[in-house]
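Chemist: Please find one structure pasted underneath; my questions will follow.
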Amino acid sequence: NQQIQLVSRPMGEPTHDNFKLVEVPVPELQDGQVLVKHLWLSLDPYMRGRMNDGKSYAQPQPLDEVMIGGTAGEVVASKHPDYAPGDPVVGMGGWQLYSVVDGGQRGMMRKVDTTHVPLSHYLGAVGMPGVTAWVGLNHIIAPKAGETMVISAATGAVGSAFGALAKARGCRAVGIAGGPEKCAYAVNELGFDACIDYKAHPDLKSLSKALKDACPDGVDGYFENVGGMIMDAVMLRMNAFGRIAVCGMIAGYNGQPLPMANPALILVSRLKVQGFIVSEHMELWPAALKELGTLVGTGKLRPRESIAEGLAAAPEAFFGLLKGRNFGKQLVKLA
Ligand code: NDP
């Protein structure tokens with residue numbers, strides 16, 4: 001087995017020195033255990049937070065151990081009655097080629113149906129990121145038909161699912177993304193009604209004007225993935241009693257400060273601003289996965305993937321995710 005370990009904690013941007021590729025033996029299977037060969041690794045922004053040692057909602061990634069992370073793969077050996085060789089499974093196997101999983105540990109691994117949904121999508125639109133969009137939209141924002149929903153990082157794993165879900169609720173969906181290519185994809189492929197290229201609007205005045213044009217009736221729901229100036233610009237366009245689901249603030253994940261230009265807008269516009277963590281809403285996952293599976297299975301949501309090849313490519317692909325080099329869900333494909 002080969003795995004990538006975190007060997008030091010990044011100060012600011014992570015670098016190759018923070019990681020090490022090591023050979024490790026595959027442990028012998030005990031009763032109740034399953035050996036999984038990973039076919040896909042999921043790379044997700046939250047991993048940057050886990051690399052820090054500070055206080056957070058999740059435990060830090062321990063040093064000199066395999067990097068945590070979502071995986072999709074295939075059972076190759078099983079000493080658990082519920083699993084057989086060949087079963088497609090998703091789990092939290094980490095940045096390695098194989099993992100040994102306790103088959104009885106609920107939540108650590110689940111079998112998936114790849115008849116209508118390709119295996120890799122269970123790490124994206126029909127997995128944790130898709131459910132994140134679902135929870136933020138339905139549970140926090142609670143949209144009404146006809147309202148305007150805005151999301152930043154609109155073409156990413158979470159954002160692309162959000163667009164399809166907001167349209168399914170009868171809302172106007174407006175994305176914010178980096179670059180003309182991503183914006184064209186948001187409108188032409190993902191079904192957003194409009195998409196704003198924030199890189200073409202480098203100051204608050206220009207970005208908020210672009211939002212005004214794209215949201216003539218104002219903004220009722222905002223799904224925040226980025227923070228900083230993008231959040232300031234959307235706050236200026238929020239309608240009275242608007243709702244903001246704070247899902248992520250990726251612009252600050254390497255330690256950049258994220259001051260808020262005008263917090264008084266929360267009062268003036270009587271906004272509800274709520275952060276959430278998708279893993280704290282397990283009761284909502286089955287309904288969310290069912291709807292997302294149907295959207296993908298019927299072709300109404302066609303998520304895009306950025307695929308890096310081979311385990312050794314994982315760190316570099318992760319650095320790219322924090323810089324917007326990914327286009328859609330960032331994955332690593334293992335041989
Ligand atoms: P994405 O696939 O959207 O990839 C990240 C994207 O963020 C990049 O492609 C880039 O898009 C954008 N980005 C990166 N840096 C910046 C920056 N400085 N300014 C503006 N945009 C930037 O990732 P996910 O869909 O997996 O995650 C999206 C967000 O959701 C993240 O903030 C993540 O932490 C959060 N999240 C939160 C969860 C929760 O439970 N609260 C669960 C899952 C995800 P572009 O090129 O368009 O700028």
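The values are calculated or read from the model by the stated rules, or taken from the named source; none is laboratory data. Small disclaimer: the values here were computed from a predicted structure and weren't measured. Ideal geometry is used to build each Cβ from the backbone, glycine not excepted, and the neighbour counts take in all protein chains shown.
Chemist: Give the number of residues within segment 214-229 that are among the acidic types (Asp, Glu) and surrounded by fewer than 19 Cβ atoms within 10 Å (Cβ to Cβ).
Modeler: Within segment 214-229, the subset among the acidic types (Asp, Glu) is 217, 220, 224.
Restricting the remaining residues to those that are surrounded by fewer than 19 Cβ atoms within 10 Å (Cβ to Cβ) gives 217.
Of the residues in that region, 1 qualify.
Chemist: In the set Val112, Val131, which member is within 27 Å of Gly32 (Cα to Cα) and among the β-branched types (Val, Ile, Thr)?
Modeler: Values: Val131 fails: within 27 Å of Gly32 (Cα to Cα).
Just a single option satisfies the conditions, and that option is Val112.
Chemist: Looking for something within 21 Å of the chain's Cα centre (by Cα) and in the same structural domain as Leu97 (by TED's automatic domain parsing) - is there at least one such residue anywhere in segment 18-36? Write out each step before concluding.
Modeler: Keep residues of segment 18-36 that are within 21 Å of the chain's Cα centre (by Cα), which gives none.
For segment 18-36, residues within 21 Å of the chain's Cα centre (by Cα) and in the same structural domain as Leu97 (by TED's automatic domain parsing): absent.
Chemist: Continuing with the same structure: Could you list, ordered by first residue, the pairs with Cβ atoms under 7 Å in which the first is in segment 261-282 and closer than 25 Å to Asp203 by Cα and the second is within 15 Å of the ligand (Cβ to nearest atom) and outside any loop (DSSP other than H, G, I, E, B), at least 6 apart or interchain?
Modeler: Once the first residue is closer than 25 Å to Asp203 by Cα and sits in segment 261-282, its partners that are within 15 Å of the ligand (Cβ to nearest atom) and outside any loop (DSSP other than H, G, I, E, B) give Ala261/Leu204; Ala261/Asp232; Asn262/Asp232; Ile266/Val273; Leu271/Ile244; Val273/Ile244; Val273/Val246.
Chemist: Answer yes or no: is there a residue in segment 207-225 that is modelled with pLDDT of 95 or more and more than 23 Å from Cys171 (Cβ to Cβ). Lay out the reasoning, then the answer.
Modeler: Quick first cut of segment 207-225, residues modelled with pLDDT of 95 or more only: 207-225.
Imposing the further condition that a residue be more than 23 Å from Cys171 (Cβ to Cβ) reduces the set to none.
Within segment 207-225 (the criterion being modelled with pLDDT of 95 or more and more than 23 Å from Cys171 (Cβ to Cβ)), the answer is no, since none of the residues qualifies.
Listed here are the residues, each with its yes/no results for (1) among the small types (Gly, Ala, Ser); (2) on the phi < 0 side of the Ramachandran plot; (3) touching an Asp or Glu at 6+ places or on another chain (Cβ under 9 Å).
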residue	(1), (2), (3)
Ala133	yes, yes, no
Ala173	yes, yes, yes
Gly178	yes, yes, yes
Cys183	no, yes, yes
Leu190	no, yes, no
Ser208	yes, yes, yes
Asp217	no, yes, yes
Gly228	yes, no, no
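Chemist: Give just the number: which of (1) away from the ligand (no atom under 14 Å from the Cβ); (2) surrounded by fewer than 20 Cβ atoms within 10 Å (Cβ to Cβ); (3) outside any strand (DSSP E or B) does Leu211 not satisfy?
Modeler: (2)
Chemist: For segment 89-111, enumerate the residues that are farther than 14 Å from Met67 by Cβ and either among the basic types (Lys, Arg) or surrounded by fewer than 19 Cβ atoms within 10 Å (Cβ to Cβ) (or both).
Modeler: To start, the set of residues in segment 89-111 that are farther than 14 Å from Met67 by Cβ comprises 89-91, 98, 100-111.
Scanning segment 89-111 gives Val100, Asp102, Gly104, Gln105, Arg106, Gly107, Met108, Arg110, Lys111.
Chemist: Let me confirm something: among Lys111, Lys182, which residue is in the same structural domain as Gly242 (by TED's automatic domain parsing) and out of contact with any helix residue (DSSP H, G or I) (no Cβ under 9 Å at 6 or more places or on another chain)? Please lay out each step first, then the result.
Modeler: On the way: Lys111 fails: in the same structural domain as Gly242 (by TED's automatic domain parsing).
Residue meeting the stated conditions: Lys182.
Chemist: Of the conditions (1) in contact (Cβ under 8 Å) with a residue 60 or more places away in the chain; (2) touching a Phe, Trp or Tyr at 6+ places or on another chain (Cβ under 7 Å), Val296 fails just one. Which one is it?
Modeler: Val296 satisfies all of (1) in contact (Cβ under 8 Å) with a residue 60 or more places away in the chain; (2) touching a Phe, Trp or Tyr at 6+ places or on another chain (Cβ under 7 Å) except (2).
Chemist: Turning to a different aspect of this structure: Give the residue, chosen from Val219, Val226, that is in contact with a Ser or Thr (Cβ under 8 Å, 6 or more places away or on another chain) and under 28 Å from Arg50 (Cα atoms).
Modeler: Details: Val219 fails: under 28 Å from Arg50 (Cα atoms).
So the residue among Val219, Val226 that is in contact with a Ser or Thr (Cβ under 8 Å, 6 or more places away or on another chain) and under 28 Å from Arg50 (Cα atoms) is Val226.
Chemist: Now, a different point. For segment 102-137, which residues satisfy the criterion of being assigned to a strand (DSSP E or B) and at pLDDT 95 or above? So that I can check it myself, show each step before the final result.
Modeler: Kept after step one, since they are assigned to a strand (DSSP E or B), are these residues of segment 102-137: 102, 109-111.
Lys111 - this is the single residue of segment 102-137 that is assigned to a strand (DSSP E or B) and at pLDDT 95 or above.
Chemist: Take the conditions touching a Gly at 6+ places or on another chain (Cβ under 9 Å), modelled with pLDDT of 95 or more and exposed (fewer than 13 other Cβ atoms within 10 Å of the Cβ) and apply them to Glu23. Does it pass? Spell out how you get there, then give the answer.
Modeler: Details: touching a Gly at 6+ places or on another chain (Cβ under 9 Å): no; modelled with pLDDT of 95 or more: yes; exposed (fewer than 13 other Cβ atoms within 10 Å of the Cβ): yes.
For Glu23, the condition - touching a Gly at 6+ places or on another chain (Cβ under 9 Å), modelled with pLDDT of 95 or more and exposed (fewer than 13 other Cβ atoms within 10 Å of the Cβ) - is not met.
Chemist: Condition first: loosely packed, with under 15 Cβ neighbours inside 10 Å, assigned to a strand (DSSP E or B) and without any contact (Cβ under 8 Å) to a residue 60 or more places away in the chain. Can you find one or more residues in segment 230-243 that meet it? Spell out the reasoning first.
Modeler: Of segment 230-243, the ones loosely packed, with under 15 Cβ neighbours inside 10 Å are 240-241.
In the following step, the residues that additionally are assigned to a strand (DSSP E or B) were identified as 240-241.
From what's left, without any contact (Cβ under 8 Å) to a residue 60 or more places away in the chain: 240-241.
Yes - at least one qualifying residue is present in segment 230-243.
Chemist: Residues to consider are Lys300, Lys290; find the one that is surrounded by fewer than 19 Cβ atoms within 10 Å (Cβ to Cβ), modelled with pLDDT under 95 and not small (Gly, Ala, Ser).
Modeler: Numbers: Lys290 fails: modelled with pLDDT under 95.
Going through Lys300, Lys290 in turn, the sole match is Lys300.
Chemist: If you don't mind, there's one more thing I want to ask. Hey, does segment 57-73 have a residue that's crowded, with 19+ Cβ neighbours inside 10 Å, among the aromatic types (Phe, Trp, Tyr) and either more than 28 Å from Tyr83 (Cα to Cα) or not assigned by TED's automatic domain parsing to the domain that holds Tyr83 (or both)?
Modeler: no
Chemist: Out of the residues in segment 257-283 meeting the condition of being surrounded by 12 or more Cβ atoms within 10 Å (Cβ to Cβ) and within 9 Å of the ligand (Cβ to nearest atom), tell me which one is nearest to Asp232 (Cα to Cα).
Modeler: The selected residue is Gly275.
Chemist: Next up: Just checking, how many residues over segment 137-159 are buried (at least 24 other Cβ atoms within 10 Å of the Cβ), within 24 Å of Pro216 (Cβ to Cβ) and either more than 8 Å from the ligand (Cβ to nearest atom) or in contact (Cβ under 8 Å) with a residue 60 or more places away in the chain (or both)? Spell out how you get there, then give the answer.
Modeler: Quick first cut of segment 137-159, residues buried (at least 24 other Cβ atoms within 10 Å of the Cβ) only: 137, 141, 148-159.
Now drop any that are not within 24 Å of Pro216 (Cβ to Cβ), which leaves 137, 141, 148-155, 159.
Checking which are either more than 8 Å from the ligand (Cβ to nearest atom) or in contact (Cβ under 8 Å) with a residue 60 or more places away in the chain (or both) leaves us with 137, 141, 148-153, 155, 159.
Going through segment 137-159 one residue at a time, the tally reaches 10.
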